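We did not get these values from a lab; they are worked out from the coordinates using the rules stated. Model, not experiment: these values are computed from the prediction. Cβ sites come from the backbone with ideal geometry, for glycine too, and all protein chains shown count toward neighbours.
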Amino acid sequence: MSFLAPLFLFGALAVALPIVFHLIRRTSKEKIPFSSLMFLQPTPPRVTRRNRLEHIFLLLLRGLVLCLLALGFARPFFQKPITISPPNEAGKRILLLLDTSASMRREGLWPAARTKAEEILSKVSPADQVAIFTFDRQVQTLVSFEQWTSMGLTERASLAAGRLADIKPTWSSTHLGNALIAAAEALADAEKQGQNVGARRIVLISDLQEGGRLDGLQGYDWPRGIEVVIETVKARRTTNAGVQWVVDADEAARPDAEAGPRIRVSNSADAKREQFQLRWDAMAGTATVDAYVPPGQSRIVQAPKLPAGAVGERLLVTGDDEDFDNAVYLVQPKAEQINILVIGNDSEKDPAQLLYYLKRAFQETRRQVVRVVAQAANAPLSSTEVADKRVLLLSDPLPDATVKSIQKFLADGGAALLAMKDVAAAQTLGRLAEIDNLVATEADSTRYSMFGQIDFEHPLFAAFADPRFSDFTKIHFWKHRRLEADKLPGARVLARFDNGDAALLEIPKGRGHVLVLTSSWQPADSQLALSSKFVPLLYSLLERAGGIQSRLAQYHVGDEVNLSGVVSAADRQTVTIARPDGSPVQLPADASRFAQTDVPGIYSVTSVQPPIRFAVNLDAAESNTSPLPAEELERLHVPLKPREIELAKQLEQKRRLHDAELEKQQKLWRRLIVAALVVLLMETWLAGWLTRRASAQPEVLT
């Protein structure tokens, strides 16, 4: 017999109360009237033992009532075994998801992961369907469900073992979220085939480090019936320090050539060490820099200073237990030089002219160096002089030879900006556009003009499209020239003054274009050069002309490198990239992106002179090797298999529900309560009978 509330059985201890009451009961002394005792001799009273049980049957009835009540409140029932659901005879569908990211290169992790995978494969039944996926930055199929089912029972184990033996950890980052989603989708696709299978399970074998990306898991709708089992492998040593090159922003000033690069050193949260050293690899005579990094934190450290003329490209951190992420490769970005040719008679020292403000508009940054070159309007201009120029600025009437050179420059894809200082500039514009007798007139200058309409969808003004930056009304134009835009073939008006006159036009010419500003930024014409919009507008002009190109010096493993701005289309058939080990890779003729950045190191585009070099480093997130709590996956609603403690809780809950159901069906407590009432009636009758009997006995006088 079992009980739902066994603590009520302690109530049976109350059966001792009637016994105690029986033992301490004393017979009441009655007063009997008697004559004087003066003639009697006093005698000491005789002591008699009165502490003995009387009416034992009555005592037993009362104790039985208490025991029956205690048993009833304890809710007894007769136990029956729990009915176990019959097992599903169909096999399980198991997808083995194996982590091959760079963090698995830590000592002992990969052998442990392979051992776990082999143990899982050895326990599958012939009815089970198994697939093996590996993941790092991408998900790769090692063995598909179709391959597994197509193989014989004796061939499956050798197939899986052979595929596992051929792989090893890569240098890519851990994209755990994408891998889990891809595995769930693979199980869902296999389910659509209609095969009779049992449970669907994803077995994840990973070090489950905090640096793994969980993108996509938030809000993902998991297919029903999928269970994720985590088999974690742990490193033997916990200290892991990683290094990362801190790259300055493109707009930052050019770095000091004598100062070493800035390095971020991070330490794992469960580390046992705090002291590390930075040094250049294979660089004799360089100092070593100490770095103190507490567990779970990071520090910015200046790299050791290099000797004059030396170029360090591989920086190492020592004092760490794991060395897979102890190197960072550096290629200092070389600022791109952008040449702007100004053709006119302005002086760069005269604040009343255009060139004065143009010279001061650009600053040297880490990304580019803009060099403004001036040439007199009547000086001869050859095609070689404009070959390395990105933008031409025209401000004065030009001779025919110069105009022809500019037309060829535009036909080849160049860009030119014509700032009309006076109406005579219309003749130069007419010859560039091959229009005879193009005439411009001075607009009414009795009141200033403002930009009244701007095409913010054009790339030139796209940077100003945000309402915070789109206000051009504070720029006053004292003078401007009126052009008939409809006479210019293909002209597009990008901005108009508030009186409707064209302020800025774009005229296509071959593969290039000409921008025409009907005023200028010299103080006699406008406030443009003194406004906050002037410098951003010039940079937009350079970007529109292809003068500013994004060229990074550092990439992460797996990133694509865009070479379209580095190698021209004519030279693309001979593009060769040298990998860090020296092996060449030929870029296909129709490709402009290089994606084989699968190893950290220095890569070189050797088919151009001088060679273009870039660094590929390990993703800094891989250095964050602290264990990821399973609760984080549960928070993202990953259907994890319950742990042993939770399984025990579920089994206990099921047993309690089973016991409650049995007790509800049997209802033994009702019978016990009824029995207690019957015994209580018997006890009441017996107690009354004994009382009446004692009262009926005659009194004896002594």
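Compared with the alpha-carbon gap, the fully stretched path from D471 to R693 is longer by 68.3 nm at 0.36 nm per residue.
As I understand it, the value is the acute angle between the Cα axis of helix 56-73 and the longest principal axis of the Cα atoms of the chain; what does it come to in degrees, rounded to 10? The helix 56-73 is inclined about 20 degrees to the chain.
Two-decimal Rg/Rh of the stretch 389-438 from alpha-carbon positions, Kirkwood Rh? Ratio value, two decimals: 0.93. In this rough spin-label picture, where each label sits 7 Å from Cα along the Cβ direction, the K123-K272 distance is 3.0 nm. Using the Cβ-Cβ distance between R492 and Y292 with R0 set to 60 Å, the FRET efficiency from 1/(1 + (r/R0)^6) comes to roughly 0.50. The DSSP beta bridges internal to the chain are antiparallel in roughly 55% of cases.
Pairs to check: K92/K641; K509/K533; K389/K509; K349/K474. Give those whose C-alpha atoms are more than 21 Å from each other in this structure. Too far apart for the 21 Å limit: K509/K533; K349/K474.
Once both labels are positioned 7 Å from their Cα atoms along Cα-to-Cβ, the gap between A188 and M1 label points is 5.6 nm. For all pairs of alpha-carbon atoms in the stretch 554-620, what percent lies in each bin of width 5 Å, listed from the first bin to the last filled one? Answer for the stretch 554-620: a P(r) of 4, 19, 31, 27, 14, 4, 1, 0 percent. By DSSP, the beta bridges lying fully in the stretch 336-544 are antiparallel in about 45 percent of cases. Taking 0.36 nm per residue of sequence separation and removing the Cα-Cα distance, the A361/T141 pair yields an extension gain of 73.7 nm. Note on K168/F78: beta-carbon distance plugged into 1/(1 + (r/R0)^6) with R0 of 51 Å gives a FRET efficiency of 0.25.
Taking the structure as given and computing volume of the Cα convex hull per residue in Å³, which label from [x] 229; [y] 196; [z] 396 fits? From the options [x] 229; [y] 196; [z] 396, the structure gives [z].
The ratio of the alpha-carbon radius of gyration of the stretch 336-544 to the globular-protein estimate 2.2 N^0.38 Å is 0.96.
The angle between the Cα long axis of helix 153-165 and the main principal axis of the chain comes to about 50°, on a 0 to 90 degree scale. Taking 0.36 nm per residue of separation and subtracting the Cα-Cα distance, full extension of the segment from A424 to A282 would add 44.7 nm.
Diffusion coefficient of the stretch 434-530 by Stokes-Einstein, Kirkwood radius over Cα pairs, 10 °C, 1.306 mPa s: 112 µm²/s. From its DSSP helices (H runs of at least four residues, each -39,500 (n - 2.57)), the chain gives a residue-normalised ellipticity at 222 nm of -7500 deg cm²/dmol.
The Rg/Rh ratio for the stretch 480-528 is 1.00, where Rg is the radius of gyration of the alpha carbons and Rh is the Kirkwood radius. To the nearest 10 degrees, how steeply does helix 534-544 sit against the main Cα axis of the chain, on a 0 to 90 scale? Around 90 degrees separate the two axes. As a calculated quantity, the FRET efficiency between L60 and M38 at R0 = 45 Å, using C-beta atoms, amounts to about 0.35. Model label points for D323 and K305, set 7 angstrom from Cα along the Cα-to-Cβ axis, are 3.0 nm apart.
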